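Novice: Okay, handing you the structure first.
The values are calculated or read from the model by the stated rules, or taken from the named source; none is laboratory data. From a predicted model like this one, the values you see are computed outputs, not experimental measurements. Ideal geometry is used to build each Cβ from the backbone, glycine not excepted, and the neighbour counts take in all protein chains shown. Just the protein is used for accessible areas: all its heavy atoms, side chains included, with ligands, DNA and RNA removed. Shrake-Rupley method; radii C 1.70, N 1.55, O 1.52, S 1.80 Å.
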Amino acid sequence: MGKLGIIGGSGLTQLPGLAVTHRQVIRTPFGEPSGPLIFGELDGHPIVFLARHGHGHTIPPHLVNYRANIQALHDQGVSHVVSVATVGGIHPDLGPGRLCVPDQIIDYTHGRESTFAEYNGKPVHHEDFTWPYCEAMRQHCLRALRQTGEVCRDGGVYAAVQGPRLETRAEIERLARDGADMVGMTGMPEAYLAREIGLCYAAVAASVNWAAGREGSTTGVSLHGVETTLTRVVERLHAVLASLARMDYASVPPAMPDAGR
Ligand code: HPA
């Protein structure tokens, strides 16, 4: 029996429509997740919610315990995960307020605990990560976005950067040359850990600003603008998440990443 997990990013530390049944502090071999897991029903359908940055938004991207978060969701029977991720837009289509379901990642993060595979005397295993998101979950996200009337970009390259600082103009130009369409701070190692543990994981990326030096951010990234856009975009995402909650996860086994291609 599948179950949906929602990892909320910046601006999404709680779900107003969620009828909470209980909260649970989970311990994992990797320590504690960002906060208690919140169990409840969204539009009458069971989901598990976790605020990536903690409920008071106090955990910066480079200090999130990604392993504990993913392990805890897995241990509570979650089979499918949608990550809500705010990004800076690099591609001209991804200005503030635009949504995207990325299909690729470039990882520029460093110093994060990025694998469950620790030395244990077992032979080294290399996981395929050609397609870093679960295609079945990506399709669920795209369907939910369509159902709620959202226009969204299907596919794009997510550049995962270390943060918490924003980038320089030259760094964004380099990311653009590398082929990145958007930049965010939390996509990795989260996506890879989900793959390692067997969760069907995809992200809905919400652009909250032009990346440094692009279009409306030529003189700098306006943090006030980020806040305003974030509030508006998160309101729209509530309906998308409710639509995702209504989908049937029982009949969709965690899919191979290239399923449906
Ligand atoms: N850069 C990195 N991460 C982000 C940005 C950005 O411009 N906006 C939202 N998350």
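Novice: What's the number of the only condition in (1) open to solvent by less than 20 Å² (accessible area, probe 1.4 Å); (2) in a strand (DSSP E or B); (3) over 21 Å from residue 197 (Cα atoms) that residue 12 fails to meet?
Specialist: With (1) open to solvent by less than 20 Å² (accessible area, probe 1.4 Å); (2) in a strand (DSSP E or B); (3) over 21 Å from residue 197 (Cα atoms) applied to residue 12, the lone miss is (2).
Novice: Just name the residue that is farthest from residue 237 (Cα to Cα) out of those in the range 117-142 that are open to solvent by 50 Å² or more (accessible area, probe 1.4 Å) and of a type in the set (A, V, I, L, M).
Specialist: Among residues in the range 117-142 that are open to solvent by 50 Å² or more (accessible area, probe 1.4 Å) and of a type in the set (A, V, I, L, M), the one farthest from residue 237 (Cα to Cα) is 124.
Novice: Step by step: first the residues of the range 56-102, then only those that are charged (D, E, K, R) and crowded, with 20+ Cβ neighbours inside 10 Å, then the one that is nearest to the ligand (Cβ to nearest atom). Which residue is that?
Specialist: The residue in question is 98.
Novice: Are any residues in the range 70-96 out of contact with any Lys or Arg (no Cβ under 7 Å at 6 or more places or on another chain) and not aliphatic (A, V, I, L, M), and if so, which ones?
Specialist: 71, 74, 75, 76, 80, 83, 86, 88, 91, 92, 95, 96
Novice: Now a separate question. So which residues in the range 178-197 are over 26 Å from residue 238 (Cα atoms) and away from the ligand (no atom under 12 Å from the Cβ)?
Specialist: 178, 179, 196, 197
Novice: Given the structure, is residue 175 within 10 Å of the ligand (Cβ to nearest atom) and open to solvent by 70 Å² or more (accessible area, probe 1.4 Å)?
Specialist: No.
Novice: Got a sec? Which of 114, 34 is within 15 Å of residue 7 (Cβ to Cβ) and buried (at least 17 other Cβ atoms within 10 Å of the Cβ)?
Specialist: Selected residue: 34, the only one of 114, 34 that is within 15 Å of residue 7 (Cβ to Cβ) and buried (at least 17 other Cβ atoms within 10 Å of the Cβ).
Novice: Within the range 215-226, take every residue that is more than 9 Å from the ligand (Cβ to nearest atom) and assigned to a helix (DSSP H, G or I) and give me the one that is least open to solvent (accessible area, probe 1.4 Å).
Specialist: Looking at residues that are more than 9 Å from the ligand (Cβ to nearest atom) and assigned to a helix (DSSP H, G or I), I get 225.
Novice: If the requirement is being modelled with pLDDT of 95 or more, over 30 Å from residue 2 (Cα atoms), open to solvent by less than 40 Å² (accessible area, probe 1.4 Å) and of a type in the set (A, V, I, L, M, F, W, C), which of these qualifies: 245, 212?
Specialist: Criteria check complete, one pass: 212.
Novice: Of all residues in the range 15-30, which are assigned to a loop (DSSP other than H, G, I, E, B), within 24 Å of residue 116 (Cβ to Cβ) and open to solvent by 20 Å² or more (accessible area, probe 1.4 Å)?
Specialist: 25, 27, 29, 30
Novice: Let me ask another. Assess whether residue 31 counts as being of a type in the set (Gly, Ala, Ser) and touching a residue at least 40 places away in the same chain (Cβ under 8 Å).
Specialist: no
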